[in-house]
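Asker: Here you go, one structure.
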């Protein structure tokens with residue numbers, strides 16, 4: 001049996017549960033096991049976040065996208081537009097993390113290592129999403145279908161009772 005996430009609600013649940021699990025795991029790590037300013041903590045965070053991303057892109061499917069066959073290794077989204085948006089959000093987060101490279105008083109000696117690991121955790125998914133979108137643009141036959149939009153003409157209004 002192949003397990004895939006196809007519905008919007010299921011995808012939202014995966015994201016919410018994943019963030020909650022991540023928050024709990026990293027709370028435990030930084031409270032009882034590792035210093036949050038150490039490179040092992042940063043490396044675990046990088047591996048966890050990349051793994052969470054990769055599992056998501058392997059099990060998510062677009063609307064009416066074939067569920068059983070595995071996606072090509074390079075395909076991260078159902079349609080190119082989604083990959084461009086997700087890649088851009090990751091690059092926006094990279095811009096937000098650039099100030100981590102400016103030293104401040106009292107910073108740990110692992111400061112630049114942690115900033116670099118954090119930056120890699122954002123750049124790698126951005127590259128994956130952009131790569132997927134550019135490749136999908138060359139293969140429109142692989143795109144998932146568009147979800148139908150409800151319009152005012154298709155809705156039936158309740159009839160007034162006499």
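No value in this document is a laboratory result; all are computed from the given coordinates. Small disclaimer: the values here were computed from a predicted structure and weren't measured. All Cβ positions, glycine included, derive from the backbone under ideal geometry; neighbour counts span all protein chains shown.
Asker: Kindly provide log₁₀ I(q)/I(0) values, in the same order as q = 0.17, 0.20 Å⁻¹, from the Debye equation applied to equal alpha-carbon scatterers of segment 1-87.
Answerer: -0.80, -0.97
Asker: Which order do the peptides 29-36, 54-61, 114-121 take when ranked by the mean count of other beta-carbon atoms within 10 Å per residue, highest first?
Answerer: 114-121, 54-61, 29-36
Asker: Between residue 100 and residue 139, how many nm apart are label points set 7 Å from Cα along the C-beta direction?
Answerer: 3.3
Asker: For the pair residue 19/residue 127, report the inter-label distance in nm, with labels modelled 7 Å from Cα in the Cβ direction.
Answerer: For the pair residue 19/residue 127, the computed spacing is 2.6 nm.
Asker: Moving on to the next point. Pulled fully out, how much extra length does the chain show between residue 32 and residue 89, if you take 0.36 nm times their separation in residues and subtract their Cα-Cα distance?
Answerer: So the chain would gain 17.3 nm between residue 32 and residue 89.
Asker: For the chain, modelled as a GNM with alpha-carbon contacts under 10 angstrom, which of 64, 86, 138 fluctuates the most?
Answerer: The residue that fluctuates most here is 138.
Asker: Computed on alpha carbon atoms, what radius of gyration and Dmax characterise the chain, expressed in Å?
Answerer: That works out to 20.6, 79 Å for Rg and Dmax.
Asker: Please give the calculated 222 nm ellipticity per residue for the chain, where each DSSP H segment of at least 4 residues contributes -39500 (n - 2.57) and the sum is spread over every residue; nearest 500 deg cm²/dmol?
Answerer: -19000 deg cm²/dmol
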